[in-house]
Amino acid sequence: MMTMLRNDDRPTVLDRTIDDLLLRLRGLVLVEGVLQQRGASREEIDAHAREAERVRAELAHLIAAA
C-alpha cells in the first residue's frame with residue numbers, strides 16, 4: 001500500500017481508512033436498529049453488534065497510532 005503525505009505530514013491513506021471505518025460503523029449501527037425493528041433473530045443482531053465492536057476496536061487502534 002502506498003502512503004501519500006499531505007502538507008501536514010499525516011498519511012492521507014490513514015485518514016481515508018478512518019473515514020471508511022467510521023462510515024462502516026455508522027451503517028452497522030443503523031442496520032442493527034432496523035434488524036431489531038423487523039424482528040431479526042438474536043444471532044443476526046448479535047453478529048452485527050460483534051462486527052460493530054470489531055470496527056470500533058480497529059478505529060481506536062488507528063486513532064491511537066496516528
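A short reminder: the numbers here are calculations on the coordinates, not readings from a lab. Please read all numbers here as calculations on a predicted model, not as lab measurements. Note: ideal-geometry Cβ built from the backbone for every residue, glycine included; neighbour counts use all protein chains shown.
Normalised by the number of residues in the range 19-65, the mean separation of alpha-carbon contacts (under 8 Å, six or more apart) gives a relative contact order of 49 percent.
Computed extension gain for residue 30 through residue 49, at 0.36 nm per residue and net of the alpha carbon distance, reaches 5.8 nm. Overall size of the range 19-65 from C-alpha positions, given as principal axis extents largest first: 39, 17, 9 Å.
Between residue 22 and residue 42, the simple spin-label model (points 7 angstrom out along Cα→Cβ) gives 3.5 nm.
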